[in-house]
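First the structure, in the form of structure tokens, and then the observations on it.
The values are calculated or read from the model by the stated rules, or taken from the named source; none is laboratory data. On a predicted model such as this, the values are computed, not experimentally measured, just so you know. Ideal geometry is used to build each Cβ from the backbone, glycine not excepted, and the neighbour counts take in all protein chains shown. Calculation scope for accessible area: heavy atoms of the full protein, side chains included, ligands and nucleic acids excluded. Shrake-Rupley method; radii C 1.70, N 1.55, O 1.52, S 1.80 Å.
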Amino acid sequence: MSGLERRLTALVGRDRVTTAKTDRLLYGFDAGRGRFLPEAVVYAESAEEVAAVMRLAGELKVPVVPRGAGSGLTGGALAVHGGIILSLARMNRILEIDTENLLAVVQPGVVTAELQARVEKLGLFYPPDPASKEFSTLGGNVAECAGGPRCVKYGSTRDYVLGLEVVTPAGEIIHTGGRTLKNVVGFDLTRLFVGCEGTLGIATEITLRLLPKPEAKKTMLLFFSSIDGAAESVSAIIGARIIPATLEFMDRATLACLRGRTEIDLPEDCGAALIIEVDGRREWLDGEVARVMAVVAGRDVIGSVVAETAEESERIWQMRRAVSPAVRAQAPDRFNEDIVVPRSKIPQMIRRLEALSAESGIPIVNFGHAGDGNIHVYILTDLCEAGMEARVDALIEQVFAAAVELRGSISGEHGVGLAKARYLAMELSPETIAYMRTLKRALDPDDILNPGKIFLRGPDDE
Amino acid sequence: MSEAVVRKTPGRHKVLEDFADAIQRCVRCGACQAYCPAWSAGRREGNVARGKVAVAAAMLAGELGRGAELEPAARQDISLCLMCGSCTHGCPNDVPTAEIVGAIRREVAAETGLSAVGVGVAALLGSKTLMRGVVAAGAALAPVMMEKVPESSGLRLRFPLDRLPVVGERILPAPAGKNLFARLPERIEGQPGRPKVAFFAGCAITWLYPQIGEKMVEVLVRLGCTVYLPKGQGCCGMPALSSGDGPLVSRLASANVRAFMPLDVDYIITACASCGGGIGEYYLTMGGDPAILAKKVVDFTVFLEEEGVCERLAALPRAVKRQKVCWHDPCHLKNRGILAPPRHLLAALPGVDFVEMEGASRCCGLGGTFSVHHSEESGLIGEKKVEGVQACGAELVATACPGCVMQLETSLCRAELPVRAVHLLELFGEAEMAALADD
Ligand SMILES: Cc1cc2nc3c(=O)[nH]c(=O)nc-3n(C[C@H](O)[C@H](O)[C@H](O)COP(=O)(O)OP(=O)(O)OC[C@H]3O[C@@H](n4cnc5c(N)ncnc54)[C@H](O)[C@@H]3O)c2cc1C
Ligand code: SF4
Ligand code: SF4
């Protein structure tokens with residue numbers, strides 16, 4: 001037994017520490033691309049254990065990388081500099097659902113969809129719905145500030161976190177926020193920890209705001225002959241002061257991938273599609289649907305489906321869920337970038353992407369959350385082709401540059417992690433980056449907690 | 001078809017290398033966590049399909065030893081799999097983890113002996129589970145029961161004599177006085193023009209639940225089918241497959257090919273979902289004669305629905321006293337997409353008020369030999385299942401796999417719920433049977 005393993009065993013017991021080669025290999029990846037083997041894996045079951053592991057790591061100067069479900073797409077949960085993977089998956093208890101104050105208190109390992117199912121039985125609603133909700137953890141959602149289709153109306157994870165229990169890099173347990181909707185005492189540390197990608201602290205308990213569950217919803221699927229028609233419809237809908245619960249779009253290439261994978265008839269000459277869902281009071285919904293239809297009329301609409309039943313609505317969403325696997329099946333290697341632009345810039349961004357694809361000769365498929373400007377850009381390629389890697393790199397950089405130029409961002413929801421660290425300076429000024437790094441250095445001078453993420457260099461090498 | 005026509009192509013077990021492409025297809029998205037019962041029991045990467053596929057990838061890449069050299073931790077991960085196929089069901093890339101696990105188990109077992117796959121691993125853990133199993137070796141009910149069961153039967157693997165779970169923790173039905181074959185003839189002539197079918201009974205129905213087999217045969221006879229019950233049939237091979245015993249699976253497959261091929265029937269009917277998974281699904285992957293046999297295999301729920309049984313049952317007057325019944329999807333039906341037929345049958349039964357339970361397709365936790373070697377995890381998985389049963393308020397849980405019935409009964413009993421688990425066919429009474437016959 002190595003020294004590290006012995007010390008960890010003393011903290012959490014033999015059953016919940018491993019240094020076996022197998023486990024190091026299995027915890028060497030997440031849903032992204034990189035691979036780095038940790039020295040040990042620890043399965044924590046309480047905040048006290050997490051704090052004890054942090055203190056030990058500080059003493060031994062060994063990195064600690066928190067991990068939820070390992071579904072992150074940017075390498076956030078990878079042990080880039082070795083050290084300990086600290087799995088929070090076993091801390092998966094829903095501690096409380098407060099139906100009077102509309103909040104839930106959970107441990108970080110609770111799976112997003114499990115909380116949603118529980119609160120919906122009580123007529124309540126936890127809106128953030130990343131496509132990974134059936135397996136991602138709430139701790140991971142908080143750390144990445146996950147979002148999903150419902151963001152357009154309901155916002156992302158950050159809009160639902162009321163309070164946190166956090167283990168600091170020094171191994172102390174602190175509390176931020178609380179159980180109230182308002183709270184202005186001291187810094188808003190809750191917001192600081194949301195989206196910190198596990199670099200500033202480890203969330204060990206999360207207090208989440210809940211909403212009443214909308215009574216009903218109605219789903220529409222609209223087909224357009226041109227991408228411009230669809231993109232302009234998005235701006236027009238928002239411009240008409242309609243906020244749908246979801247507003248998803250798919251471009252021509254996405255629809256081509258979907259043919260044969262959905263029960264829905266896709267018109268031959270279809271250049272783009274929008275899925276629009278409105279929710280709220282039942283008697284109100286038909287009017288909303290009519291308003292949407294009126295706004296999009298005359299904008300190259302060539303067909304529409306309005307789901308009247310839950311099954312019809314499910315068929316539309318089945319088509320949306322089929323997108324990722326369908327797109328992924330198209331090429332041996334694919335890069336999924338989740339840029340975001342101000343909603344009104346979507347038509348411009350799409351045109352730019354089409355031009356970039358044509359110029360580079362590399363297929364790009366676009367779909368995503370048009371309602372909040374978040375576009376999933378799938379670059380389809382085969383890295384085995386000579387010189388392809390460099391061409392893809394150049395293309396990705398151009399995509400990011402275009403998003404930043406339109407005053408958007410290089411990541412709407414997947415985070416920076418390892419994958420986007422080298423592009424950080426494209427979006428943030430040197431002063432902004434320095435400010436962030438000063439914070440990190442102050443809280444974690446030895447760079448123990450999730451080193452190598454967000455920033456390319458360690459805190460001390462300027 | 002005569003004996004002479006039976007080709008002698010025994011099929012072949014796939015090896016890990018055959019899965020190289022499938023292993024490559026795993027993009028490590030982690031979606032299988034939402035479906036894998038073994039994950040929910042331990043929540044460690046090695047529990048879930050993604051981890052097992054990563055073990056396989058590392059083996060192929062030479063990063064972990066092969067066969068006997070495979071690291072104990074990896075063996076543990078490979079042994080912690082119910083081979084239920086739920087992960088593949090939810091995988092965007094159709095990665096066949098259960099098959100991959102099967103190939104690794106065969107590889108390990110071939111070099112180190114069978115015990116290495118399950119038992120050996122438990123020993124390495126210094127697990128309490130193992131100790132309990134060993135202490136329970138003297139479990140009273142087992143030896144009596146097992147005396148009657150042939151060496152090659154899957155029941156011996158599921159409930160091996162020296163590793164029986166503690167008495168009282170598992171509900172084993174009392175061994176039947178007379179097994180199925182002693183109760184029924186090998187051939188019952190049907191009406192002209194009606195299908196010729198053979199019934200593949202499987203070990204559990206043959207030895208433990210012959211009354212289910214009798215119901216099955218009666219249903220088929222009432223439908224006018226000519227029914228064969230060839231005595232030469234053996235175990236489907238699923239438990240052997242689960243323990244990595246490739247040679248035994250091959251022997252059993254040959255015996256079944258010999259028993260069924262010459263009959264030249266239209267369909268081979270199963271009333272045990274696991275058996276269907278064995279002779280219907282696994283044999284397909286073997287190629288050769290087993291694959292030819294496999295193509296004729298039909299689950300009874302599918303056959304009955306196609307024969308119009310739902311309509312006939314629905315035409316019966318609803319019973320005054322009805323029972324609330326929910327449905328448990330056996331993994332080996334779910335994975336073949338057989339979800340609707342059993343529900344249609346249940347809903348049509350005049351004495352049944354069908355209710356859908358939450359998590360109907362969640363694995364019960366039996367998983368071949370899994371519950372023997374990992375009884376703690378198996379128990380945890382069972383507990384989750386019971387939550388759904390309790391919430392829907394059913395009086396009975398119906399299913400179509402005797403293994404699931406056993407496991408469900410055990411879990412329900414542990415939870416002290418007054419709910420029983422039954423095989424769907426047990427809900428067929430005289431009125432239902434009468435409705436099946438023409439006019
Ligand atoms: C198929 C698929 C679809 C996806 N769709 C979406 C989507 O629609 N929207 C979206 O936003 N994301 C999406 N993602 C990305 C991913 O699911 C999210 O980022 C999710 O929030 C990660 O959760 P996790 O539990 O898997 O975290 P992990 O991947 O384990 O970790 C992610 C990061 O969080 C840190 N972390 C984890 N737990 C804690 C904790 N308790 N305290 C502090 N830090 C912690 C880790 O160190 C790491 O940096 C998708 C991923 C996949 C594979
Ligand atoms: S769901 Fe499929 S592709 Fe995704 S990690 Fe699991 S096995 Fe791999
Ligand atoms: S076969 Fe079942 S237990 Fe095994 S990995 Fe797949 S889902 Fe999990």
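Couple of notes before you dig in:
- Shielding score for A:38-46, defined as the mean number of other chain Cβ atoms within 10 Å: 1
- Part-to-part distance (alpha-carbon centres) for segment A:43-106 and segment A:110-150, which is given in Å: 17
- Heavy atoms of the protein chains alone define the surface here; on that basis chain A has 41 Å² accessible area per residue at 1.4 Å probe size.
- For the protein assembly as shown, the Kirkwood hydrodynamic radius comes to 29.6 Å, computed from all pairs of different C-alpha atoms.
- Solvent exposure ordering (accessible area, 1.4 Å, most first) of B:SER242, A:SER344, A:SER2: A:SER344, A:SER2, B:SER242
- Principal axes of segment B:2-112: Cα extent on each, largest first, Å: 53, 31, 25
- Check: segment A:331-415 dipole with +1 on Lys, Arg Cβ and -1 on Asp, Glu Cβ, in debye: 440
- Span from the segment A:233-267 Cα centroid across to the segment B:70-106 one, whole angstrom: 37
- Gyration tensor (alpha-carbon) shape descriptor, segment B:33-81, a/c threshold 1.5: prolate
- For segment A:384-445, fraction of C-alpha pairs farther apart than 14 Å, in %: 67
- Computed E for A:MET1/A:GLU359 - FRET, C-beta separation, R0 45 angstrom, nearest 0.05: 0.20
- Note on A:ARG33: accessible area approximately 150 square angstrom, rounded to 10, probe 1.4 Å, nucleic acids and ligands left out.
- Length-normalised contact order of segment B:292-439 in % [C-alpha pairs under 8 Å, at least 6 apart]: 25
- In terms of Cα atoms, the Rg and Dmax of chain A work out to 22.7, 72 Å.
- Taking B:ARG336, A:ARG241 and ordering them by how much accessible surface each has at a 1.4 Å probe, largest first, produces A:ARG241, B:ARG336.
- What the Cβ-Cβ distance of A:ALA236 and B:ALA255 gives, at R0 = 60 Å and to the nearest 0.05, is a FRET efficiency of 0.30.
- Prolate/oblate/rounded call for segment A:154-199, Cα gyration tensor, a/c under 1.5 rounded: oblate
- Estimated from helical segments only, the mean residue ellipticity of chain A at 222 nm is -10000 deg cm²/dmol, where each DSSP H run of four or more residues counts as -39500 (n - 2.57).
- Rolling a 1.4 Å probe across all protein chains gives A:MET426 an accessible area of roughly 60 Å².
- Using the Cβ-Cβ distance between B:GLU214 and A:ALA386 with R0 set to 60 Å, the FRET efficiency from 1/(1 + (r/R0)^6) comes to roughly 0.30.
- Accessible area of B:ARG312 in the full protein assembly, 1.4 Å probe (Å², nearest 10): 70
- In terms of its alpha-carbon gyration tensor, segment A:331-415 comes out prolate; a/c meets the 1.5 threshold, and the first ratio a/b outweighs b/c.
- Rough spin-label spacing in nm, given labels placed 7 Å along Cα→Cβ, for A:ARG14 and B:LYS8: 5.3
- Inter-chain shielding of A:7-18 (mean C-beta neighbours from other protein chains, 10 Å cut-off): 1
- In whole percents, the pair-distance distribution calculated for segment B:332-439 from its alpha-carbon pairs, binned every 5 Å from zero, is 2, 11, 21, 24, 19, 12, 6, 3, 2, 0, 0.
- Solvent-accessible area buried by B and A, counting both chains, probe 1.4 angstrom, square angstrom: 2300
- Ranking A:MET91, B:MET238 from most to least accessible surface, computed with a 1.4 Å probe over the protein chains only, gives B:MET238, A:MET91.
- Using the empirical formula 2.2 N^0.38 Å as the baseline, the Cα radius of gyration of segment B:269-399 reaches a ratio of 1.18.
- Distance between the 7 Å Cα→Cβ label points at A:ILE433 and A:ALA297: 5.2 nm.
- Pairs spanning more than 22 Å between alpha-carbon atoms, out of B:LYS14/B:LYS52; A:LYS21/B:LYS52; A:LYS21/A:LYS133; A:LYS61/A:LYS453; B:LYS8/B:LYS196: A:LYS21/A:LYS133; B:LYS8/B:LYS196.
- Look at the stretch A:323-330: the mean tally of other chain Cβ atoms within 10 Å of its residues' Cβ atoms is 3.
- In units of the compact-protein estimate 2.2 N^0.38 Å, segment A:422-461 shows a Cα radius of gyration of 1.10.
- Accessible carbon and sulfur surface of the protein assembly as shown relative to its total accessible area, %, 1.4 Å: 53
- Sequence-distant aspartates and glutamates (8 or more away, or on other chains) whose Cα lies within less than 12 Å of B:LYS215: B:GLU426, B:GLU430, B:GLU432
- Net charge of Cβ neighbours under 11 Å - reference A:VAL323; Lys, Arg +1; Asp, Glu -1: +2
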